[in-house]
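A.B. asks: Sharing a structure, written as structure tokens. Questions coming.
Computed from the coordinates by the stated procedures, all read-outs in this text should not be read as laboratory data. This one's a predicted model, so the numbers in the text were calculated from it and none came from an experiment. A quick note on method: Cβ atoms are made from the backbone with ideal geometry, for glycine too, and the neighbour counts reach across all protein chains shown.
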Amino acid sequence: MIKDMDDHQLDRFATDIVRGLKLTDDYLRELLSMEDTGDIQKLYYVARKVRDHFFGNRVFLYSFVYFSTYCKNNCAFCYYNRCNDIQRYRLDSEEIANICRALKNENIHMVDLTMGEDPYFHNEPERFVDIVRTVKKELGLPIMVSPGVMDDRTLSMLHENGADFLALYQETHDRELYRKLRIGQSFERRVHAREFAKKIGYCVEDGILTGVGNDIESTIRSLRGMQQGHTDMVRVMTFVPQEGTPLEEVSQESSLSELKIISVLRLLFPGKLIPASLDLEGIDGMVHRLNAGANVVTSIIPSDSSLEGVVNYDRDLEERDRDPKSVVIRLKAMGMEPASQEEFHRFIKKASTGIFETPVVPV
Ligand code: SAM
Ligand code: MD0
Ligand code: SF4
């Protein structure tokens, strides 16, 4: 076990993971239940060694454009669920084009176009296709779409018009917990949308929440569920209780569980993209998540932007402090740096060829 390893053995373990060592459920159980700080630091160390083998000190940066906060769903964890009496907005094409022009000079690799399952777009998907076309024309960068569940025809149209990456998080692969979180939403349709997207050439991201009623066994089920998918990016986010939602009374857990799961994700998905979301704890939180083995920074929002994050630690701050420049300054202070655009294009091209790695039987 990691906790009994010396430095040489830790390096050897990282090399074994890079060479394809698969971890059993028992091993995952041990890692996820570690509480000793020194043991956990060893886990972070191995995760960084594995990450550095594939990506070195280079990080990818995604700008986040939440262009509509209307939604027809009522996810128990989400501030934007339809039952929550909040201010909402929907940007039009011109406003989105202006945001893209401002992003043109920023150091970002991809723009993430996110919305609630807004009927304005879900009932007339060509409206969303137009937005993707506009963003591609204005920015010329890879585009991630995070629209919720869309049908095969719409996913195909979006891809033909410039969408490169689909983000669609299962939250949990534990069906009982899923029913409590994504109320009334089909588990299978969500899985199908990612698999179909992968088949037609998208890169795909799946993700889970922690601190939302998932114990270690439930988390292991989710990790294995994500391994069954053919994803290129995997994430975990700590659940942040939101006012006006069914889970608002839940107390937020510390980010320790998220950090351990990020490291375990790195050991299970060695060469994949794993994000440090700024949504949760901003740039200070980014440092811990990168040190746990993440290699992407997401939810980057220009400081003068009035757009929402998904979870807004900075909603009441005078100014956002998760702009690209501030992110890069902190990265460099950590001895890390933004990857080249060319490296990101290479990753996307290789991943979207749809070569499905068949998981090796665990040892
Ligand atoms: N409506 C689209 C969807 O549901 O897929 C896109 C919205 S955004 C990507 C939604 C994601 O943000 C969720 O899948 C969840 O992983 C995360 N999220 C939402 N509310 C959260 C909260 N309160 N705490 C932590 N993560 C949250
Ligand atoms: C993030 N706020 O990365 C974004 C969002 C959606 N594809 C991503 C959850 O934290
Ligand atoms: Fe809507 Fe997405 Fe929030 Fe669920 S997570 S309520 S689908 S915006």
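A.B. asks: Can you compute the charge dipole magnitude of segment 55-353 about its Cα centre, using +1 on each Lys and Arg Cβ and -1 on each Asp and Glu Cβ, nothing else charged? Give it in debye, rounded to the nearest 20. Could you put the intermediate results ahead of the total?
C.D. replies: On the way: 37 positive and 45 negative charges, 228 e Å.
Computed charge dipole of segment 55-353: roughly 1100 debye.
A.B. asks: Same structure again: Please work out how much length the chain gains when fully extended from Glu243 to Lys349, using 0.36 nm per residue of separation minus the C-alpha to C-alpha distance, in nm with one decimal.
C.D. replies: The span from Glu243 to Lys349 would gain 34.1 nm if fully extended.
A.B. asks: Looking only at Cβ-Cβ distances, which cysteines of the chain have no other cysteine closer than 4.7 Å?
C.D. replies: When partners are defined as cysteine Cβ atoms under 4.7 Å apart, the chain leaves Cys71, Cys83, Cys100, Cys203 without one.
A.B. asks: Along the charge dipole of the chain, which of Pro324, Val250, Asn74 sits closest to the positive end, that is, farthest toward it, with unit charges on the beta carbon of Lys, Arg, Asp and Glu (+1, +1, -1, -1)?
C.D. replies: Pro324
A.B. asks: Considering the chain as a Gaussian network with a 10 Å cut-off on Cα pairs, which listed residue, Ile329, Ile17, Ile108, attains the greatest mean-square fluctuation?
C.D. replies: Ile329
A.B. asks: Collect residues whose amide H, placed 1.01 Å from N in the peptide plane, falls under 5 Å from the amide H of Ala276; neighbours closer than 5 in sequence don't count.
C.D. replies: For Ala276, the qualifying residues are Asn295, Val296, Val297, Thr298.
A.B. asks: Continuing with this model, one more query. With the cut-off at 1.5 for a/c, could you classify the chain from its C-alpha gyration tensor as rounded, prolate or oblate?
C.D. replies: It comes out rounded by the Cα gyration axes.
A.B. asks: When a footprinting reagent is the concern and you count Cβ atoms within 10 Å, what order do Glu217, Glu30, Glu205 take, fewest first?
C.D. replies: Ranking Glu217, Glu30, Glu205 by Cβ neighbours within 10 Å, fewest first, gives Glu217, Glu30, Glu205.
A.B. asks: While we're here: Rank by packing, highest mean first: peptides 191-198, 249-256, 339-346, 161-168, with packing defined as the count of other Cβ atoms within 10 Å averaged across residues.
C.D. replies: Descending packing order for the listed peptides: 161-168, 191-198, 339-346, 249-256.
A.B. asks: Also, I was wondering about something else. In what order do Ile274, Ile40 fall by count of nearby beta-carbon atoms within 10 Å, going from fewest to most?
C.D. replies: In order of increasing Cβ crowding within 10 Å: Ile40, Ile274.
A.B. asks: For labels at Gln228 and Ala333 in the simple 7 Å Cα→Cβ model, what's the distance in nm?
C.D. replies: Result: 4.4 nm between the two label points.
A.B. asks: Additional query: List the lysines whose Cα lies under 27 Å from the Cα of Lys3, skipping any in the same chain that are fewer than 8 positions away.
C.D. replies: Lys22, Lys42, Lys49, Lys260, Lys272
A.B. asks: Under a point spin-label approximation (7 Å from Cα along Cα-to-Cβ), what is the Asn105-Glu126 distance to one decimal in nm?
C.D. replies: For the pair Asn105/Glu126, the computed spacing is 3.7 nm.
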